[in-house]
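The block underneath contains the structure these notes are about, expressed in structure tokens.
The values are calculated or read from the model by the stated rules, or taken from the named source; none is laboratory data. Just so it is clear, the model here is predicted, and its values are computed rather than measured. No Cβ is skipped: glycine too gets one built from the backbone with ideal geometry, and neighbour counts run over all protein chains shown.
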Amino acid sequence: MKMVQRWLERREQPGRGLIVGAMICLQFGGIAASSALAQEIAKESVLPLSLANKAIAAAIESCKKDGYRVSVSVVDRSGVLRAMGRADGAGPHTVDSSRKKAYTAASIRRPTTELADLIGKNPALQGLRDMNNEILILGGGLPIEIGGEIVGGIGVGGAPGAHLDDACAQSGLDAIGAAPKVTVPK
């Protein structure tokens, strides 16, 4: 009984309710500030591994049906390799070329054929080729755009012509519902 009485006496002390109220406000204020900070943090969409693999399989199959043995790479928005596939019989050089084309398309956010054409028309842009060791400006690299956002890049290497690498890469984009980047003749 005395404990209850002491508790009641402390509770009635002047200013005690104010202190408890201030502590509660600080806690909720901290939550609100934390929530505001969380809203300022950029949120990025991530290309799921399953979609990367689906795009690779579709691109390899498209090239295979036309008799081309290629490698296909998919990178994330930062150009980091997400997944890679090499068709039976594809040359060893196709591994690096597909990855670098994917990297270039994702980092510059344009099809690599478009970049090659742009450099051809405006030689002052040759410096694009030397931005870093990962850039490869040859046809066959396409940015992967889903829902209006670039989430990565796909690169194909090994078909006998940039337009054919582009067509196979576009098949990969089509398979995952990404925005088309090149027009492929039917």
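Out of all the residues in region 120-132, which are under 25 Å from the mean Cα position of the chain (by Cα) and under 21 Å from residue 161 (Cα atoms)? First the steps, then the outcome.
We begin by selecting, within region 120-132, every residue under 25 Å from the mean Cα position of the chain (by Cα); these are 127-132.
Result: 129, single match.
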Residue 182, sole failed condition from (1) within 20 Å of the chain's Cα centre (by Cα); (2) within 16 Å of residue 94 (Cα to Cα); (3) assigned to a loop (DSSP other than H, G, I, E, B): (2)
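Let's see how each residue does on (1) in the same structural domain as residue 113 (by TED's automatic domain parsing); (2) on the phi > 0 side of the Ramachandran plot; (3) of a type in the set (Gly, Ala, Ser):
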position	(1), (2), (3)
150	yes, no, no
157	yes, no, yes
161	yes, yes, yes
181	no, no, no
Enumerated helices (runs of 4 or more DSSP H) restricted to region 2-98, each holding at least 1 residues that are in contact with a strand residue (DSSP E or B) (Cβ under 8 Å, 6 or more places away or on another chain), modelled with pLDDT of 95 or more and within 30 Å of residue 112 (Cα to Cα): 49-65
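Determine whether region 153-160 contains at least one residue that is at pLDDT 95 or above, of a type outside the set (Ser, Thr, Tyr) and farther than 22 Å from residue 83 by Cβ.
If we filter region 153-160 for residues that are at pLDDT 95 or above, which is where we start, we get 153-160.
Filter once more, keeping what is of a type outside the set (Ser, Thr, Tyr): 153-160.
Still in the list and also farther than 22 Å from residue 83 by Cβ: 160.
Yes - at least one qualifying residue is present in region 153-160.
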Conditions (1) crowded, with 19+ Cβ neighbours inside 10 Å; (2) touching a Gly at 6+ places or on another chain (Cβ under 7 Å); (3) in a loop (DSSP other than H, G, I, E, B): number failed by residue 143: (3)
Which listed residue is farther than 18 Å from residue 76 by Cα and either crowded, with 17+ Cβ neighbours inside 10 Å or of a type outside the set (A, V, I, L, M) (or both), from 123, 180: 123
